[in-house]
Amino acid sequence: MAKRALRIRVEIVGSPEGAVESRPGRIMIVPPHVTFDDFGLAVDRALGRWDFEEFRLFRTGGEGGSDPSRLGWKDRVAAKLKPGEVFRYQFGENGWDHECTVEAYDDPVEAFGRETQTAHAITGWGTVPDQAGNTAPPSAADESGHVPLWPDLARLRRLDDGEVRRAAFAGDLPALVRAVTGSDLEYALQFVGDALLQARRASGGAEGAAASESDAEVARLLAGIAGRLHERGWTGDEYLAQDIEAELSGVDTELRPLAVDVPELVQIMSSGGDFRSEGRLNLDTGEINEFQPFGDPFGAYDDEEDEEDEDAEKAVESVESVESVGSWTNVAWIESGSRDGWYDMSAFAELQHDPNIADRLARAIEGRGAFRRFRDAVDRLDLTERWYQFSGDRQLGRARQFLAEHGVRPI
């Protein structure tokens, strides 16, 4: 077997409270194409961490490290290091520090038991310090009577969507950083990632030390969000991650930039029932032409099926008759329906940490009337804000996926 992966010994040597004398660790198998950010994420998983929004810093050298610019988060580990070299990995601003020693080249099948495309821990030792500094299980219930299973997430403040929008619209990078930092981004990666990306692009000409510091902080946040998008893997996440990576590296993606009104696109793609819409996107100009092919005042969004409708065909013919053929020859048709909405409800139920809540939501979407029962359930469980954030992020991802499938990315 070809010994084409690196075997890396990772030991925790520093924490927010100081040195870690016991030096718990893991032995990692790292295939050739794995980047430093991928490696850091694999280490975090192996050490039982769960808040992957924290930034990751890699630097060469042993004690103290040196030359952090040499090890970029997008660089492949195998391309930068060889057996015998030592580097440092820092997780989070509070300084979880790891000493990483490249021990040898190894064969993934022999070391891990099978072929793998990602880094994995193959053995480990020691008592791993809790990521959030917890020393005991939570002893008190929250206001709803539920004892949180994820105490670190419970300490994060709720993301204020309005605060993010206002800061992004104003191009105020410091305010945008304040709005995002310390907030729970679990269900808002598309929303926040796009807001940070657009704000950074808009402030490209900003000068001065304060502007430079804010830009660096935005870049750090974007790097963390890109890694989290890769890991989350929802529809459209990969394309936003690529867009962010292109912005940070200065290397453009294969997708053609196009000025598109993404909220309008989302509205059409997610519409249903009385307000169901369809439309088309001009792939040359980014203009969206929306129309309502049919509307049934008594139609139920819950039980809707995708059907061909004569009224829809008439509406299409009507629109085409008033538009000049030459300006709308390169178009993408935009459709809407209710299936995506049902799958979003199902996914939201599955992602709940509390099994009782997950079960209640799963039962709510069984059979006819699923959408109404689900809305009632999230209201009773005080999950309405979380649900809107979750579904909004899913809709943004589908819109980005739709655009990517037609060779463009929104700007």
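May I ask you to list the residues in the range 28-55 that are in contact with a Gly (Cβ under 9 Å, 6 or more places away or on another chain) and at pLDDT 85 or above?
Passing the criteria: T35, F36, D37, D38, G40, L41, A46, L47.
For residues in the range 18-44 being out of contact with any strand residue (DSSP E or B) (no Cβ under 7 Å at 6 or more places or on another chain) and free of Cβ contacts under 8 Å to residues at least 40 places away in the same chain, which is nearest to E217 (Cα to Cα)? First the steps, then the outcome.
Restricting attention to the range 18-44, the residues satisfying the condition of being out of contact with any strand residue (DSSP E or B) (no Cβ under 7 Å at 6 or more places or on another chain) are 18, 21-22, 38, 41.
From what is left, the residues that are free of Cβ contacts under 8 Å to residues at least 40 places away in the same chain are 18, 21.
Numbers: G18: 25, E21: 32 Å.
By that ranking, first place goes to G18.
Out of everything in the range 327-353 that is touching a helix residue (DSSP H, G or I) at 6+ places or on another chain (Cβ under 9 Å) and among the charged types (D, E, K, R), what residue ends up being least open to solvent (accessible area, probe 1.4 Å)?
Among those that are touching a helix residue (DSSP H, G or I) at 6+ places or on another chain (Cβ under 9 Å) and among the charged types (D, E, K, R), it is D344.
Which ones in the range 193-218 are open to solvent by 40 Å² or more (accessible area, probe 1.4 Å) and modelled with pLDDT under 75?
G204, G205, A206, E207, G208, A209, A210, S212, E213
Say we look at the range 2-20 and pick out the residues that are among the basic types (K, R) and under 16 Å from E85 (Cα atoms); which of these is most open to solvent (accessible area, probe 1.4 Å)? Walk me through it before giving the result.
Taking the range 2-20 and keeping what is among the basic types (K, R), we get 3-4, 7, 9.
Pick out the ones that are also under 16 Å from E85 (Cα atoms) and you get 7, 9.
Details: R7: 65, R9: 81 Å².
Filtering the range 2-20 for residues that are among the basic types (K, R) and under 16 Å from E85 (Cα atoms), the one most open to solvent (accessible area, probe 1.4 Å) comes out as R9.
Which residues, counting only those in the range 1-53, are in contact with a Lys or Arg (Cβ under 7 Å, 6 or more places away or on another chain) and of a type in the set (F, W, Y)?
Residue satisfying the conditions is F52 alone.
Please pick out the residue among R372, R398 that is assigned to a helix (DSSP H, G or I), open to solvent by less than 50 Å² (accessible area, probe 1.4 Å) and touching a residue at least 24 places away in the same chain (Cβ under 8 Å). Outline the logic, then answer.
Details: R372 fails: open to solvent by less than 50 Å² (accessible area, probe 1.4 Å).
Sole residue among the options that is assigned to a helix (DSSP H, G or I), open to solvent by less than 50 Å² (accessible area, probe 1.4 Å) and touching a residue at least 24 places away in the same chain (Cβ under 8 Å): R398.
For the range 237-258, give me the residue count where each residue is part of a helix (DSSP H, G or I) and more than 18 Å from the chain's Cα centre (by Cα).
Taking the range 237-258 as the starting set, the residues that turn out to be part of a helix (DSSP H, G or I) are 237-249.
Next cut, more than 18 Å from the chain's Cα centre (by Cα) only: 249.
Residues meeting the conditions: 1.
Identify, by number, the condition in (1) surrounded by fewer than 20 Cβ atoms within 10 Å (Cβ to Cβ); (2) within 24 Å of V266 (Cβ to Cβ); (3) of a type outside the set (A, V, I, L, M, F, W, C) that D393 doesn't meet.
The one condition D393 does not meet is (1).
Does the range 263-281 include one or more residues that are open to solvent by 50 Å² or more (accessible area, probe 1.4 Å), closer than 20 Å to G40 by Cβ and under 21 Å from the mean Cα position of the chain (by Cα)?
For the range 263-281, residues open to solvent by 50 Å² or more (accessible area, probe 1.4 Å), closer than 20 Å to G40 by Cβ and under 21 Å from the mean Cα position of the chain (by Cα): absent.
I'd like to check something: does the range 241-261 contain any residue that is of a type in the set (A, V, I, L, M), surrounded by fewer than 16 Cβ atoms within 10 Å (Cβ to Cβ) and more than 16 Å from F402 (Cα to Cα)?
Step one: of the range 241-261, the residues of a type in the set (A, V, I, L, M) are 241, 244, 246, 248, 251, 255, 258-260.
After this cut, where a residue has to be surrounded by fewer than 16 Cβ atoms within 10 Å (Cβ to Cβ) as well, the list is 251, 259.
Next, only the ones that are more than 16 Å from F402 (Cα to Cα) stay: 251.
For the range 241-261, residues of a type in the set (A, V, I, L, M), surrounded by fewer than 16 Cβ atoms within 10 Å (Cβ to Cβ) and more than 16 Å from F402 (Cα to Cα): present.
Only residues that are open to solvent by less than 20 Å² (accessible area, probe 1.4 Å) and part of a loop (DSSP other than H, G, I, E, B): list them for the range 21-46, please.
Within the range 21-46, P24, P31, V34 qualify.
The values are calculated or read from the model by the stated rules, or taken from the named source; none is laboratory data. None of the values given here were measured: they were computed from a predicted structure. Please note: Cβ atoms are built from the backbone with ideal geometry, for glycine as well, and neighbour counts cover all protein chains shown. Surface accessibility is based on the protein's heavy atoms, side chains included, excluding ligands, DNA and RNA. Shrake-Rupley method; radii C 1.70, N 1.55, O 1.52, S 1.80 Å.
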